[in-house]
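Here's the structure, in structure tokens; my notes come after.
Since every read-out is calculated from the coordinates, none of them should be taken as a lab result. These numbers come from a predicted model, not from an experiment. Please note: Cβ atoms are built from the backbone with ideal geometry, for glycine as well, and neighbour counts cover all protein chains shown.
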């Protein structure tokens, strides 16, 4: 009886230790997320944008985009394109980190058998009330969802879907952006859906392609 009790206690302690070990801290999660994108120095892709914003009629647009880390973007289109730059910058993690004063693990959930981590970014300036939330797929460490907030108002929600390109890189296939009425100047909310195809990655894009960018 005593031997059985000892074995049971040992198993419970071991299970408890494994659960604790499986919980990563925010910096570890960020490191793994960045590792999944840092191998991508530049990319070229065909993009289609479908805009559904009331009182703002824009037909579907197709164009080629050129992107180079950390933040260079060139859109090859003769027509107006409405698209959040963060989408083309694969979430712009480096940019948000540069502005963040503190990052916390906001929660852990499961979706379709995958562990999903939620990180919350707080700004450097304590007087500012804006913040960024990231939901990260803990299986392949790609973005699942991002949100931009100002105080109690959610300005933008972005849902990400990815595919494996060249058996090496996880790249977005479709990104759906839900834009609040507040960010549209007090109008009704709208959506921008961005679809990617025909990726070419790490082709060595020249800085001259992007001209002078801030």
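Looking at segment 79-92 only, could you name the residues that are closer than 21 Å to residue 173 by Cβ, in a loop (DSSP other than H, G, I, E, B) and either free of Cβ contacts under 8 Å to residues at least 40 places away in the same chain or touching a helix residue (DSSP H, G or I) at 6+ places or on another chain (Cβ under 6 Å) (or both)?
Correct list: 81, 89, 90, 92.
Quick check on my filter: what residues within segment 34-78 are surrounded by fewer than 18 Cβ atoms within 10 Å (Cβ to Cβ), part of a loop (DSSP other than H, G, I, E, B) and out of contact with any helix residue (DSSP H, G or I) (no Cβ under 9 Å at 6 or more places or on another chain)?
Within segment 34-78, 39, 41, 54, 55, 57, 58, 59, 60, 77, 78 meet the criteria.
Counting just the residues of segment 110-134 that are without any contact (Cβ under 8 Å) to a residue 24 or more places away in the chain and either under 21 Å from residue 27 (Cβ atoms) or in contact with a strand residue (DSSP E or B) (Cβ under 8 Å, 6 or more places away or on another chain) (or both), which one comes out surrounded by the fewest Cβ atoms within 10 Å (Cβ to Cβ)?
The selected residue is 110.
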